[in-house]
Structure formats: C-alpha cells, structure tokens
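Only one structure is covered here, and it is reproduced in the block below.
The values are calculated or read from the model by the stated rules, or taken from the named source; none is laboratory data. Bear in mind the structure is a predicted one, so any value in this text is a computation, not a measurement. As a convention, Cβ positions derive from the backbone with ideal geometry for all residues, glycine included, and neighbour counts pool all protein chains shown. Only protein heavy atoms, including side chains, enter the accessible area calculation; ligands, DNA and RNA are left aside. Shrake-Rupley method; radii C 1.70, N 1.55, O 1.52, S 1.80 Å.
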Amino acid sequence: MVALLVSLKLRLMSNSLHRSTSRMVMMLIGGLYALLAIATGAGAMVALRLADASLADDASVLGFAAVTLGWTLLPLLVFGVDETLDPAVFALLPVDASRLMPGLLLAGLIGLPGVATAVVALSSVLTWSRGGGVAGVVAHMGAALVAAVLGIATCLLLSRTLTSGFARLLRTRRFRDAAAGLIALLAASAGLTVNAVMSRAESAGFDQLRGLVHTAAVVAGWTPFGLPWSVPGSLATGQPLLAVVRLLLSLGVVGALWLGWRRQLDISLCSPIDGGGDGTAVRAGHGVIDRLYPPTAAGAIAGRCLRY
Amino acid sequence: MRPDATAGPAAGGSAPALSLRGLTKSFGTKVAVDRLDLDVAAGRMFGLVGPNGAGKTTTLSMATGLLRPDAGTATVLGRDVWADPAAAKALMGVLPDGLRVFDRLSGRELLTYTGRLRGVPEQDMVQRVDALLSALGLADDAATLVVDYSAGMRKKIGLACALVHAPRLVLLDEPLEAVDPVSGEVIRAILRDYVAGGGTVVLSSHVMELVEHLCDDVAVVADGRVVAAGSVEQVAGGQSLQQRFLDLIGVRAVDEGTLAWLRSSSR
C-alpha cells in the first residue's frame, strides 16, 4: 500500500508537470530555490559542528522550530489543501485510515519542501557527531537521527492534521480572502520586527544578544514545534535526563497528531461529500444593497460586487 | 466484465443483494431521506426513480458508505455497511454523482490504480483494463488525462472503475446522463450482460423510458420515502411507467399565465 501510494503521488506529479509548461518552469525555479535552501541549511548544520554545544543547540532548535512552524502555517495560508492526494478520492475504495496513513505520510515528503526539509534535518546528524569516545559519538548521532525523524514526522503530521481539520473551512472563499489579508499583515510585521531587532542589536552587546537567542531557543524548545529538535542538544550539553524527557514528549506529540489525523481521515473517507448545505438559505431580501444601485445591468454588477 | 465465477445467482440464495432499513438523513431542518426501506434482489437490474430532490442520491450515498445516515442500516450482500465501511466497499462497485477522482491520471492509469487499490491481481490487470477501455470506447483516449475528458467520457471511465474489480453488486447514479446514444447502448448491453452473469445493478435515473426498458424492478422515491416498489410491470400497472410515475408523484401543473412572458409575442 505504501509503495502504491508513493508511486501514485509520483505519477500525479509528473502528469501535472507534463501537462503544462508553466508548472514545469515553476518546478524548475522552485527546484533551484530548494537546492539553495538545502545548501544553506545543510551547510549551516555542518558548520555548527564546529560551534560549542550550547550555541549549536540554540541555533538548530530555533531554525528547525521555524521550519516546523512553516510546515504548519504555510499549507493553511498559501497552498490550501494539497489536492494531489485528497483523502476524499479514496472514499469509494475498500481502505480505512490506518492502511492509508503510512503511505500518505511518506507521499507528503515527496515534493520540493519535503525533500529539502528531510535533507537539512538529516544533516543535523553531522552537527551532533561529537562527544567523548566512539560510544559517545554514536549516542549523540543516534539521538540526532531519532530526533530528525521525529521532527520530520511532526512537520508532516502537523500540516496533514491541520489541513484536513480545516479542509472544509479552507475551501470557502471567505477564508482564502482572510488568509491573503493575514499573509500581507504577517509580511509587513515581519519586516518591522526585523528592523526593530536590528536596531536593538546595534545598541546591545554580543552577550546580551546571545542571551536573547538562548531564551528564545529555550522557549521554542518546549513547544511542539521545537521539542524534537532539542533532544540532541540537551544530550550534548550534558543533560541526558532532560533529553529523555524531551524525547518522550515529542513521541507523545507525534502519537497525538497521528491519532487526530486518523480520526479526521476516517471521517472524510465516509463523508467525502459536503452535506449539501445545512438548509440555511441565503436571506432573500438583501434590501439595502438592492436599493443602493439602480435596477440596471451595471447596477446589478455593482450590487453583486458589494454583496461578496 | 462478468462477476467472479463463484458469484452465481445461487450463491446469495434468496438473500437480497442490497437491503436498506429505516434509513434517515436530515440536512438541518430538511429531511432528505425519511425512514426508507428497500430490498434489491440478487441478480436483478433495479431502477431507482424519483423527482429532483427526492433523496435518490442521498440514499445511494448512504448505501455505499459515502454518507453516514442519522438512523437505519444498509446491508450489502449480508454485510452491514456502517459497521465496517471498508469491507462493504470491497464488495460493490459504485459510480457516484460528481465525486472527485484522481483526474491528473490518464484514463488507463486511473483504471489501473483503481484496480491496484482494490486488490485486483496484477496478472489480470492489463487484460481487464484493455477490455473495459475498448468496450466503453475509450481505447483511443486511454492516454488522455481524465481532467481533459468530457462529461460523458468521465461517466464511462467512472463506470469502468466501478467494474474493474468484478463486484457482485454495482450502484450507479445516473449512469447514462451525458453519454452519447452509441455509448449508451454499449453501457446498456454491458449492464444486461453483467446481470445475466449473476450480478446485481442498482441505478438511479430521471428517464422513465430507460428504466422501463432496461430494469427488471423499480422503486419510486418521493420526499425521501419509497412510494411504490416491485417489478416494472407491477409498478406500472398496465400504464406506461411515465404516466404511473406522474400519477404517483402528483403533477404540479404550471399555472396558466405565470410564464406567459416567455412567449415571444408578449414582448
């Protein structure tokens, strides 16, 4: 089933690329960006091998927490529902959620963001190739590998669970309008934040800045977004017990997301058709709007624009 | 594509292929299907007719595991659909009305992947896919993406997907809508052959002549309930099915004058 779903996803992607040249061009441009992201990300992870454990911990936790947050928010705001493997299309088939989920999850990794995230996440194993003796190095790298796999799973599950949870909402036009507004707001405020931080950083000393980054990393490390990524750092900074706690907590997060996603999948496999409206008809008399414009063709168009 | 050899008419005995008991579904305050009972005997061509909004599609959706009923049971070949939807879906083939498919696949790929997901043995696959594509006149368009298909071609590839795993029961929502006359005749022949081989067909339609000529049994649904059911002869009762249907539903005549402005002379 896993192999079947993965091959289906690949086939759907290649067909949609071959169908239109513009998609192919976008894929190529996206591919270049992805390569750049991989080179930067993996390069940074390898470079952090040379930094002391505390700095490597803070930087990787913050970076990967941001990536995980991106996996959570971007599909909601920008891409809407991933339509290549919409669960509704499996509704007629004799499959239940548990059989589909491993394949669907792996298929979610196929594509530029998935590949880039996976490569950079796995390169963090090199960051943590440290510690005393062969056993120490193996333990650190093993922890980093487990953490990376859990982290990638968290990314994929967060995006799946939220998109299918909000799928009905995401399909509405009103939400897409609101999302566009929200993105503009976020972009604008991100610019302002960067400005504010930069101006503060100029006046603040290095130590103050380093303290700020550390606080941010500690906070992010206890959120579901940063939890798995903070496991190897805890081990490397000499807190094996903390590493175990974080590992168990991230396992808990992955498990909870898995169950939530299974529930939603089971529902959408058995009710792929939206309920045909809940019987609330649009109020017939938009009296005010109708009276606002003259009863001409142009008036009707203006009224329609206002109504939406 | 005939049903599996093991699935002769005798296999089910007199047990119905599809049995609906007290099915109920409301959307908000509107009751779409109201305590509906229906039995479809195995090895029969069964027509479900009714006016727009009578609850045909809702009923078929609840029988095929696509819409959870508020109350009541649906049993397919002795298996409770809502106790184990996946197992029940394995037993039937369904042509739904406007459900999404993988439309970025070519016709041949869609049929092959549907077969694989339904567990059709790989050694039978090419032969079955070729047979269905050529029978339905889609062989020339097998490499075209389904998203580029016309409405009639989508119906035909949907029908092929419903038949590829050789189920003993198929449920088809408006199978001949938007299909050209030649393909329509081919589909009718395929369905007749399928029933002759022991399979059971349930189809919904607005077209009384079609149901009258094609089906063995018929049920008339109105306002979410079955108002008449039985063999076509029984239900028609000596009239044409169309006339009997209009009598059962109660015709609402258009008031003289309400649409008078439609006449070209009035302007």
Checklist outcome for this item: Of the listed links B:K25/B:K56; B:K30/B:K56; A:K9/B:K155, those spanning more than 20 angstrom between alpha carbons are A:K9/B:K155
Checklist entry - For B:K89, which aspartates and glutamates qualify as cross-link partners when the Cα separation must be under 13 Å and same-chain residues fewer than eight apart are set aside? => result A:D96, B:D80
Next on the checklist: Classify the stretch A:1-117 from the C-alpha gyration tensor, please: rounded if a/c falls under 1.5, else prolate or oblate depending on whether a/b exceeds b/c.
Outcome noted: prolate
Checklist entry - With a sphere of radius 10 Å drawn around the Cβ of B:G137, what net charge do the other residues whose Cβ falls strictly inside it have (Lys, Arg +1; Asp, Glu -1)? => result -2
Item to check | Within the protein assembly as shown, helix-based [θ] at 222 nm, where runs of 4 or more DSSP H residues each add -39,500 (n - 2.57), nearest 500 | outcome: -18500 deg cm²/dmol
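Please work out whether the stretch A:145-274 counts as rounded, prolate or oblate from its C-alpha gyration tensor, where a ≥ b ≥ c are the square roots of the eigenvalues and a/c under 1.5 means rounded, while otherwise a/b larger than b/c means prolate and anything else oblate?
oblate
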Next on the checklist: If I compute solvent accessible area with a 1.4 Å probe over the protein chains, what percent of it on the protein assembly as shown is carbon and sulfur?
Outcome noted: 63
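Taking each residue in B:99-109, count the Cβ atoms of any other chain within 10 Å of its Cβ, then average. What number comes out?
Per residue, the average neighbour count from other chains is 5.
For A:L4 and A:L242 in one chain, what is 0.36 nm times their gap in residues minus the Cα-Cα distance, to one decimal in nm?
81.7 nm
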Next on the checklist: Which aspartates and glutamates, if any, have their Cα less than 16 Å from the Cα of B:K156, not counting same-chain residues under 8 positions apart?
Outcome noted: B:D97, B:D103, B:E109, B:D130, B:D140, B:D141, B:D148, B:D173, B:E174, B:E177, B:D180, B:E185
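Taking a ≥ b ≥ c as the square roots of the Cα gyration tensor eigenvalues, with a/c under 1.5 meaning rounded and otherwise prolate when a/b beats b/c, else oblate, which class fits the protein assembly as shown?
prolate
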Checklist entry - Any idea how far the Cα center of the stretch A:212-262 sits from the one of the stretch A:116-132, in Å? => result 16
